[in-house]
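The structure appears right after this line, and notes come after that.
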Amino acid sequence: MPRPSLLVLAALFVLTSSAHAAPSDQQLCESAMELASAKCAQCRLTAQSKDAKAPNPAKLTEALGKCSQKLSAAFARATLRYGAACTATEPSSAFDAYLKQCSDDTVAAAGGASLPDYVGELAGCNADLSTCNGNLASCTSDLTTRTSDLTTCEGDLNACEALPPTRLLKTGQTTSYGPGSDGDLRLGVAQSYVDNGDGTITDTRTGLMWEKKSDDSSVHDKDNTYAWCADADSDFNCDSGTNAMDGTLVTAFLAALNSGSGFAGHTDWRLPNLNELESLRNLQSVSVPAVSTAFNVGCGAGSSGNPGCTVTTCSCTRPGFYWSTSTYLVDPRSVWSVSFDLGFNGWAGKNFNSFHARAVRGGF
């Protein structure tokens with residue numbers, strides 16, 4: 001059989017060499033550190049094994065110290081030799097502490113103790129971490145909501161602070177009768193109303209919530225009238241001179257609105273004082289009634305009105321006098337009232353008169 005030529009042998013050598021490339025400096029450094037760690041662990045267990053057979057604390061401490069010194073020296077040699085190729089970020093002392101813990105656990109287990117359940121502890125930690133992350137997500141969501149609420153409140157506060165305090169309402173009059181007249185200056189805050197859709201209207205300037213009036217023969221009917229006092233005598237006194245408000249205004253009207261769960265969910269309905277009642281007037285409304293549009297919608301024309309309309313489908317104001325709660329102190333037998341025929345006010349006796357009434361609640 002012919003012997004292979006030198007050229008063939010050389011080619012085989014090159015192919016074999018290229019199939020097993022030399023390790024990199026990083027790989028060599030990692031290998032050196034891993035081997036040094038293995039030797040340190042073996043060194044520690046060997047020393048502890050000897051101590052188990054013949055305990056001698058001093059000799060054990062000395063032996064373990066030599067194990068640590070060898071590990072430190074091996075790390076130093078690898079770092080010196082391979083330099084930046086060594087990518088380990090922990091010092092040799094950290095490796096030594098970890099190996100000490102492992103060897104101590106091994107010795108304790110050999111003596112009857114249980115090995116640490118790192119897998120179980122990891123699962124427990126992961127579960128705790130998941131719970132914490134969930135709590136963090138909830139807290140973050142709550143914080144976002146509260147921050148949004150705070151922003152809204154700050155916006156509302158800024159809007160309120162931007163308004164001058166206790167400014168009077170405009171009368172509504174826009175026709176000018178010369179410089180300095182009401183229609184020329186138009187001083188005050190413009191009236192602003194919101195229909196709440198439940199039979200009530202809120203005045204956003206004063207914070208008052210008003211009862212709407214209907215044409216359906218209910219307690220809200222625009223044609224209803226009520227008495228101020230329960231008993232009147234021939235001297236025009238109410239209730240023997242007490243002149244207290246205790247007539248059907250209270251016993252029939254307010255009692256009905258505030259019974260049970262209340263009208264529109266409220267049980268604090270009352271009658272307005274004179275200033276509150278006058279705030280409904282609009283002196284530019286030359287047609288009867290002299291109120292803002294919010295209080296005169298869908299009520300029909302003329303005396304026939306719009307029979308059957310309710311407080312959620314119309315908003316009516318019957319021309320005529322409406323009670324206020326403000327007594328005329330020159331003669332306590334009389335009370336101030338407002339006529340929405342033309343928008344003027346005056347005083348009238350409490351004893352025999354029967355006027356219209358509109359309930360109100362709230363206010364700033």
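The values are calculated or read from the model by the stated rules, or taken from the named source; none is laboratory data. If you're wondering where the values come from, they're calculated on a predicted model, not measured in any experiment. Glycine also receives a Cβ, built like all others from the backbone with ideal geometry; neighbour counts cover every protein chain displayed.
Might you check whether a residue that is on the phi > 0 side of the Ramachandran plot and in contact with a strand residue (DSSP E or B) (Cβ under 7 Å, 6 or more places away or on another chain) occurs anywhere in the stretch 330-344? Outline the logic, then answer.
Looking only at the stretch 330-344, we keep the residues that are on the phi > 0 side of the Ramachandran plot, and these are 343.
Filter again for in contact with a strand residue (DSSP E or B) (Cβ under 7 Å, 6 or more places away or on another chain), leaving 343.
Yes, because at least one residue in the stretch 330-344 is on the phi > 0 side of the Ramachandran plot and in contact with a strand residue (DSSP E or B) (Cβ under 7 Å, 6 or more places away or on another chain).
Could we say that Ser103 is at pLDDT 85 or above, assigned by TED's automatic domain parsing to the domain that holds Ala256, surrounded by 12 or more Cβ atoms within 10 Å (Cβ to Cβ) and over 32 Å from the mean Cα position of the chain (by Cα) here?
On the way: at pLDDT 85 or above: yes; assigned by TED's automatic domain parsing to the domain that holds Ala256: no; surrounded by 12 or more Cβ atoms within 10 Å (Cβ to Cβ): yes; over 32 Å from the mean Cα position of the chain (by Cα): yes.
No: the conditions fail for Ser103.
For the stretch 110-120, indicate whether the set of residues that are assigned to a helix (DSSP H, G or I) and surrounded by 12 or more Cβ atoms within 10 Å (Cβ to Cβ) is non-empty. Before you say what the answer is, go through the steps one by one.
So the first thing to find is which residues in the stretch 110-120 are assigned to a helix (DSSP H, G or I), and the list is 110, 118-120.
Those still in the list that are surrounded by 12 or more Cβ atoms within 10 Å (Cβ to Cβ) too: 110.
Scanning the stretch 110-120 turns up at least one residue that is assigned to a helix (DSSP H, G or I) and surrounded by 12 or more Cβ atoms within 10 Å (Cβ to Cβ).
Have a look at Arg358, Arg333 and point out the one that is surrounded by 14 or more Cβ atoms within 10 Å (Cβ to Cβ), in the same structural domain as Cys238 (by TED's automatic domain parsing), in contact with a helix residue (DSSP H, G or I) (Cβ under 8 Å, 6 or more places away or on another chain) and charged (D, E, K, R).
Unique residue meeting the criteria: Arg358.
Please pick out the residue among Thr317, Thr310 that is part of a loop (DSSP other than H, G, I, E, B) and over 30 Å from Leu187 (Cβ atoms). So that I can check it myself, show each step before the final result.
On the way: Thr317 fails: over 30 Å from Leu187 (Cβ atoms).
Within the list Thr317, Thr310, the selection yields Thr310.
Say whether the condition of being among the polar types (S, T, N, Q) and modelled with pLDDT of 90 or more is met by at least one residue in the stretch 52-66. Full working, then the answer.
Of all residues in the stretch 52-66, those among the polar types (S, T, N, Q) come to 56, 61.
The next check asks that each one be modelled with pLDDT of 90 or more; those that pass are 56, 61.
Within the stretch 52-66 (the criterion being among the polar types (S, T, N, Q) and modelled with pLDDT of 90 or more), the answer is yes, since at least one residue qualifies.
State the number of residues belonging to the stretch 234-249 that are more than 17 Å from Ala359 (Cα to Cα) and either touching a Phe, Trp or Tyr at 6+ places or on another chain (Cβ under 8 Å) or in contact (Cβ under 8 Å) with a residue 40 or more places away in the chain (or both).
4
Criterion first (under 17 Å from Pro272 (Cβ atoms), touching a residue at least 24 places away in the same chain (Cβ under 8 Å) and among the hydroxyl-bearing types (Ser, Thr, Tyr)) does Thr310 satisfy it?
Values: under 17 Å from Pro272 (Cβ atoms): no; touching a residue at least 24 places away in the same chain (Cβ under 8 Å): yes; among the hydroxyl-bearing types (Ser, Thr, Tyr): yes.
It is false that Thr310 is under 17 Å from Pro272 (Cβ atoms), touching a residue at least 24 places away in the same chain (Cβ under 8 Å) and among the hydroxyl-bearing types (Ser, Thr, Tyr).
Please work out which residue is surrounded by the most Cβ atoms within 10 Å (Cβ to Cβ), limiting yourself to the stretch 256-276 and to residues that are outside any loop (DSSP other than H, G, I, E, B) and at pLDDT 95 or above. Explain how you work it out, then say what you get.
From the stretch 256-276, those outside any loop (DSSP other than H, G, I, E, B) are 256-258, 263, 266, 270, 274-276; that's our starting set.
Checking the rest, the ones that are also at pLDDT 95 or above come to 256-258, 263, 266, 270.
On the way: Ala256: 15, Leu257: 20, Asn258: 17, Phe263: 22, His266: 17, Arg270: 16.
By that ranking, first place goes to Phe263.
Collect the residues in the stretch 179-231 that are modelled with pLDDT of 95 or more, over 18 Å from Ser315 (Cβ atoms) and in a loop (DSSP other than H, G, I, E, B), keeping them in residue-number order.
Once the filter is applied, which keeps residues that are modelled with pLDDT of 95 or more, over 18 Å from Ser315 (Cβ atoms) and in a loop (DSSP other than H, G, I, E, B), the stretch 179-231 yields only Thr225.
Tally up the residues in the stretch 232-242 that are out of contact with any strand residue (DSSP E or B) (no Cβ under 7 Å at 6 or more places or on another chain) and assigned to a loop (DSSP other than H, G, I, E, B), please. Spell out how you get there, then give the answer.
So in the stretch 232-242, the residues out of contact with any strand residue (DSSP E or B) (no Cβ under 7 Å at 6 or more places or on another chain) come out as 233-235, 237, 239-242.
Still in the running and assigned to a loop (DSSP other than H, G, I, E, B): 233-235, 237, 242.
Total meeting the criteria: 5.
In the list Ser72, Ser49, which residue meets the criterion of being out of contact with any Lys or Arg (no Cβ under 9 Å at 6 or more places or on another chain), closer than 30 Å to Leu115 by Cβ, part of a helix (DSSP H, G or I) and modelled with pLDDT under 90?
Unique residue meeting the criteria: Ser49.
Consider Gly302 carefully, then state whether it is in the same structural domain as Gly199 (by TED's automatic domain parsing), at pLDDT 90 or above, on the phi > 0 side of the Ramachandran plot and not basic (Lys, Arg). Write out each step before concluding.
Numbers: in the same structural domain as Gly199 (by TED's automatic domain parsing): yes; at pLDDT 90 or above: no; on the phi > 0 side of the Ramachandran plot: yes; not basic (Lys, Arg): yes.
No.
Does any residue of the stretch 142-149 turn out to be touching a residue at least 40 places away in the same chain (Cβ under 8 Å) and within 54 Å of the chain's Cα centre (by Cα)?
Within the stretch 142-149, the first condition is being touching a residue at least 40 places away in the same chain (Cβ under 8 Å), and the residues that meet it are none.
No; the residues of the stretch 142-149 include none that is touching a residue at least 40 places away in the same chain (Cβ under 8 Å) and within 54 Å of the chain's Cα centre (by Cα).
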